[in-house]
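Student: If you scroll down you'll find the structure; I have some questions about it.
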Amino acid sequence: FEQSPDFVVLFLPGETFFHVAQEQEPELIAMAWTHRVVIATPSTLIALLRAVASYWQQEKLAESAHEIRNLGNKLYEALAGLAEKFVALGKNLKSSVNCYNDAVSRLENSVFVGARKFSELGATSPSEKIDELQPLEVDIREIRREELLLEQLVGENGFESHS
């Protein structure tokens with residue numbers, strides 16, 4: 001078979017059958033085991049079934065732990081990628097604010113100065129007035145990796161980045 005069991009269980013419905021067989025063949029248990037056969041009697045069957053059930057539970061836990069680790073790796077990679085995007089967004093916002101403030105400064109110091117002289121000379125309507133523009137003062141908070149706990153996650157939980 002492609003996938004054969006690790007062993008098979010030969011169930012003897014009475015302890016006396018096992019004792020008689022073992023008297024005839026003292027090496028019965030060892031011989032059976034070399035052929036991957038476990039001999040079980042009513043008194044040993046329950047213990048054997050509990051051992052198999054425990055093995056299956058451990059196997060399921062190992063599979064779950066492996067899946068949790070994989071999900072943790074994916075989450076770590078997603079957080080790292082998102083952090084990179086926020087860093088880039090912060091730089092772009094900062095650059096945009098600086099560009100806006102430079103444009104306001106040029107507009108105030110060169111264009112509006114000349115336009116206000118038109119008003120002083122009476123070349124414009126008194127109801128038309130150029131409002132003063134204010135520069136933007138926005139603090140853009142830098143993202144630090146410690147805030148996202150990425151490095152701590154790696155150390156504490158053994159997650160690895162595969163980027």
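Student: Between A115 and V87, what FRET efficiency follows from the Cβ-Cβ distance if R0 is 35 Å, with the result rounded to 0.05?
Tutor: 0.30
Student: Rounding to the nearest 20 debye, state how big the charge dipole of the chain is about its Cα centre with +1 on each Lys and Arg Cβ and -1 on each Asp and Glu Cβ.
Tutor: That gives the chain a dipole magnitude of about 660 debye.
Student: Here are several values of Cα extents along the principal axes in Å: (1) 128, 29, 27; (2) 76, 25, 20; (3) 55, 33, 32. Which one was derived from the coordinates shown?
Tutor: Computing Cα extents along the principal axes in Å and matching it to (1) 128, 29, 27; (2) 76, 25, 20; (3) 55, 33, 32 gives (1).
Student: Just the number, please: carbon plus sulfur as a percent of the accessible area of the chain, 1.4 Å probe, no ligands or DNA/RNA counted. Could the numbers behind the result be given before it?
Tutor: Values: 7930 of 13490 Å².
Carbon and sulfur together cover 59 percent of it.
Student: Could you state the angle between the C-alpha long axis of helix 42-106 and the longest principal axis of the C-alpha atoms of the chain, as a value from 0 to 90 degrees rounded to the nearest 10?
Tutor: So the inclination is approximately 10 degrees.
Student: Run the quick spin-label model on I68 and Q134: label points 7 Å from Cα toward the beta carbon, then report their separation in nm to one decimal.
Tutor: 5.3 nm
Student: Return the lysines within reach of K129: Cα separation strictly under 29 angstrom, same-chain partners fewer than 8 residues apart disregarded; answer none if there are no such residues.
Tutor: K117
Student: Taking every Cα atom in region 18-97, find the radius of gyration and the maximum pairwise distance Dmax, and write them in Å.
Tutor: Rg and Dmax of region 18-97, Cα atoms, are 29.0, 95 Å.
Student: Okay, moving on. Mind telling me which of I68, I39, I130 comes out most flexible in a GNM of the chain, alpha-carbon contacts under 10 Å?
Tutor: I130
Student: Still on this structure, I have one more. For the chain, what does -39500 (n - 2.57) per DSSP helix run (n ≥ 4), summed and divided by total residues, give at 222 nm, in deg cm²/dmol to the nearest 500?
Tutor: -21000 deg cm²/dmol
Student: Next question. All other residues with a Cβ under 15 Å from the Cβ of F18 taken together, and with Lys, Arg as +1 and Asp, Glu as -1, what is their net charge? Don't jump to the answer; show the numbers that get you there.
Tutor: On the way: positive: none; negative: E15, E23, E25, E27.
Local charge sum for F18: -4.
Student: Next question, about the same structure. Under 8 Å for C-alpha pairs, at least 6 residues apart: give me the relative contact order for the chain, rounded to a whole percent.
Tutor: Here the relative contact order equals 23 percent.
Student: Using a Förster distance of 25 Å, how high is the FRET efficiency between R141 and S105, based on the Cβ-Cβ distance and rounded to 0.05?
Tutor: In this case the efficiency is close to 0.55.
Student: Right, next: Please list, by residue number, everything in region 49-90 whose backbone N is under 19 Å from a paramagnetic label point 7 Å out along Cα→Cβ of V38.
Tutor: In region 49-90, the label zone of V38 (backbone N under 19 Å from the point 7 Å along Cα→Cβ) covers 49-62.
Student: Projecting each Cα onto the charge dipole of the chain (Lys/Arg +1, Asp/Glu -1 at the beta carbon, about the Cα centre), which of A62, F86, G72 comes out farthest on the positive side?
Tutor: The Cα lying farthest towards the positive end belongs to F86.
Student: Expressed as an acute angle from 0 to 90° and rounded to the nearest 10, what is the orientation of the C-alpha long axis of helix 15-24 relative to the principal long axis of the chain?
Tutor: Tilt of helix 15-24: around 70 degrees.
Student: Would you mind checking which residues have amide H under 5 Å from I130's amide H? H placed 1.01 Å from N; only 5 or more apart, or other chain.
Tutor: Amide H neighbours of I130: none.
The values are calculated or read from the model by the stated rules, or taken from the named source; none is laboratory data. In this text the structure is predicted, and so the values were computed from the model without any measurement. All Cβ positions, glycine included, derive from the backbone under ideal geometry; neighbour counts span all protein chains shown. Areas reflect the complete protein model, heavy atoms only, side chains present, ligands, DNA and RNA absent. Shrake-Rupley method; radii C 1.70, N 1.55, O 1.52, S 1.80 Å.
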